[in-house]
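**Q** Sharing a structure below in structure tokens format, with a few things to ask.
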Amino acid sequence: MAVDCKGVLLLLLFTAALCDGSSSSKNTQDQPPHIILIVADDLGWNDVSFHGSDQIPTPNLDSLAYSGVILGNYYVSPICTPTRSAIMTGRHPIHTGLQHFVIVSAQPYGLALNETILPQYLKQLGYTTRMVGKWHLGMYAWDYTPTYRGFDSFFGYYTGAEGYVDHVNGIHASLGYKGLDLRNGTEPVWTENGTYSTELFSTEAERIIASHDTSKPLFLYLPHQAVHSGNPDNPLQAPQKYIDKFPHIQHPGRRTFAAMVSALDDAVGNVTKALSARGMLENSVIIFTTDNGGPAAGFDQNYASNWPLRGVKNTLWEGGVHGTGFVHSPLIKQPKRTTHELLHVCDLLPTIYELAGGDSTELKNLDGTNVWETISRGVQSPRVEVLHNIDPKRKTAALRYGDYKIILGEAYKGAWDGWYPPEGVTTNHSEEANHVPRWSGPLKIKCAEKPANVSTNCKPRDNPCVFNIKEDPCEFNNIADWNKPLVNFLMGRLEAYSETAVPMRNQPTDPRGNPKYHGGVWSPWINLTDTSVSTNELFGQ
């Protein structure tokens, strides 16, 4: 029997081509991954057990973190709006005009409309874009709200904080500003009074996943309310079933906070189960991040913990900017590890864009870099420095270059510059502060030796302070006095960034934004297409 050798050879080559990665490359070429970006609000470094918290078990977060990549050297902005703007744009807040504080509800400004943001980029790549949770990037005109900025759907709230159960923002109720802030698309939702927001947002995210057309890639942005303070009259809220899980925490504020974290942990677990049930998990990338450090020791009526890091939310100390985060995905080539490579929240957008099939090098004016190879394969991060912020109004600034950090100014005149162990501690954490090496366990920070003059050796409101963060992550030892060339170099880097900063976009409160003029609902109140509105009227001046 004659054998057609040439035909057999072609058949073998064809078969080899089919087997040589074509099916595995489908995830990144024919079917980009589903991307789930979960943001916790005000979660502290010491509020999760994968960082070694012995108070608050977070089994669902731990499972994802330990089987993925824990981000051990990852930074965010010190407060909410700036970090969310960096997530959406890949740009430092000094380049978007959001470098000072947050958008207060009735202030007529937001993330500039000439900024192309993450869901808009992803829609160009064929993604379905969904958002559930907190926006906080402007809502004085409809043009600034999520469904006008690239999201196919939105369920959540526009402003910065509200009650967890009644969904009413009464942060400034004493000044007469109080109203519902919960919407499905653009329509107010009045029917969920009594539903705890963490569970409400989880249920909506699960519904989205269950009904998603899996032939299209999904981008689900899930910025939770938890664990931010609610309204001043009842700042920390959680279902009793969660509070009952923490009888070992005697402090009532810390106990309720722990319950809020536990509810958040369950919510993340439920979303993960929903992805698995739809067969989507195997081609998903789950990114989890806090927006800033935790408000510890009663700051903002809250009881998060950044221990043993210094400072709290809205400060430039490590406790305000050293972010809790991880990435979980079956697409990670070297999972089950912690990366200590330097990463920043601005890196999320170009990394996600690249994962989605785009070429991040084509994006213009970014401060972030695609770091997927660092996360997935463990290669060295392309990042050598992180700008923490430059706030010209508060006259505060901080930057890290390599292992060294410089910090100038004090947001609260030194009132929140300390180290705050979690309330209800039953073990002697002070012993940890006398060990010299940096990291131990899965990701538990140990401080350098604490000097006797720790409370006086750094006064950043008077002179710049410099710390070696690798050797001194708790910022005990200011080395500025005997490292003048280093101080000058770091000051030069801050000055270079300052020269690129744009003016702050902040505007004073506009009384026309009061919900009492809009049926008791926080609603947009300015029509940008109305050419009869003067500039002064536009900004309530």
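**Q** How many residues does region 470-479 contain that are in contact (Cβ under 8 Å) with a residue 40 or more places away in the chain and either more than 18 Å from His322 (Cβ to Cβ) or open to solvent by 10 Å² or more (accessible area, probe 1.4 Å) (or both)?
**A** Selection size over region 470-479: 2.
**Q** What number goes with the only condition from (1) more than 21 Å from Ile526 (Cβ to Cβ); (2) open to solvent by 10 Å² or more (accessible area, probe 1.4 Å); (3) under 20 Å from the mean Cα position of the chain (by Cα); (4) hydrophobic (A, V, I, L, M, F, W, C) that Leu125 does not pass?
**A** Among (1) more than 21 Å from Ile526 (Cβ to Cβ); (2) open to solvent by 10 Å² or more (accessible area, probe 1.4 Å); (3) under 20 Å from the mean Cα position of the chain (by Cα); (4) hydrophobic (A, V, I, L, M, F, W, C), the lone unmet condition for Leu125 is (3).
**Q** Can you list residue pairs whose Cβ atoms sit under 8 Å apart, with the first residue in region 379-395 being of a type in the set (Lys, Arg) and the second being open to solvent by less than 70 Å² (accessible area, probe 1.4 Å) and part of a strand (DSSP E or B)? Count only pairs 6 or more apart in sequence or on different chains.
**A** Listed by first residue and then by second, the contacts come to Arg383/Leu343; Arg383/His344; Lys395/Leu408.
**Q** Given the residues Glu499, Glu537, which is the only one that is under 30 Å from the mean Cα position of the chain (by Cα), among the charged types (D, E, K, R) and either open to solvent by 60 Å² or more (accessible area, probe 1.4 Å) or at pLDDT 95 or above (or both)?
**A** Of the residues listed, the single one that is under 30 Å from the mean Cα position of the chain (by Cα), among the charged types (D, E, K, R) and either open to solvent by 60 Å² or more (accessible area, probe 1.4 Å) or at pLDDT 95 or above (or both) is Glu499.
**Q** In contact with a helix residue (DSSP H, G or I) (Cβ under 9 Å, 6 or more places away or on another chain) and touching a residue at least 12 places away in the same chain (Cβ under 8 Å), is that true of Tyr157?
**A** Spelling it out, Tyr157 is indeed in contact with a helix residue (DSSP H, G or I) (Cβ under 9 Å, 6 or more places away or on another chain) and touching a residue at least 12 places away in the same chain (Cβ under 8 Å).
**Q** Which residue pairs have Cβ atoms closer than 8 Å, lie 6 or more positions apart in sequence or on different chains, and pair a first residue in region 52-75 that is at positive phi with a second residue that is open to solvent by 10 Å² or more (accessible area, probe 1.4 Å)?
**A** Taking only residues 6 or more apart or on different chains, the pairs are Gly52/Asn46; Gly52/Gly441; Gly52/Pro442; Gly52/Lys444.
**Q** Is there a residue being touching an Asp or Glu at 6+ places or on another chain (Cβ under 7 Å), among the basic types (Lys, Arg) and surrounded by fewer than 22 Cβ atoms within 10 Å (Cβ to Cβ) anywhere in region 81-97?
**A** So far as region 81-97 goes, yes, one or more of its residues are touching an Asp or Glu at 6+ places or on another chain (Cβ under 7 Å), among the basic types (Lys, Arg) and surrounded by fewer than 22 Cβ atoms within 10 Å (Cβ to Cβ).
**Q** Would you please name the residue that is most open to solvent (accessible area, probe 1.4 Å), looking only at residues in region 297-344 that are in a helix (DSSP H, G or I) and farther than 16 Å from Trp45 by Cα?
**A** If we take residues in region 297-344 being in a helix (DSSP H, G or I) and farther than 16 Å from Trp45 by Cα, then Gln301 is most open to solvent (accessible area, probe 1.4 Å).
**Q** Answer yes or no: is there a residue in region 359-378 that is small (Gly, Ala, Ser), part of a loop (DSSP other than H, G, I, E, B) and modelled with pLDDT under 95.
**A** Taking every residue of region 359-378 in turn, none turns out to be small (Gly, Ala, Ser), part of a loop (DSSP other than H, G, I, E, B) and modelled with pLDDT under 95.
The values are calculated or read from the model by the stated rules, or taken from the named source; none is laboratory data. Please read all numbers here as calculations on a predicted model, not as lab measurements. When we count neighbours, we look across all protein chains shown, and the Cβ atoms used for this are built from the backbone with ideal geometry, even at glycine. To get the accessible areas, we keep the full protein, side chains included, count just its heavy atoms, and leave off ligands, DNA and RNA. Shrake-Rupley method; radii C 1.70, N 1.55, O 1.52, S 1.80 Å.
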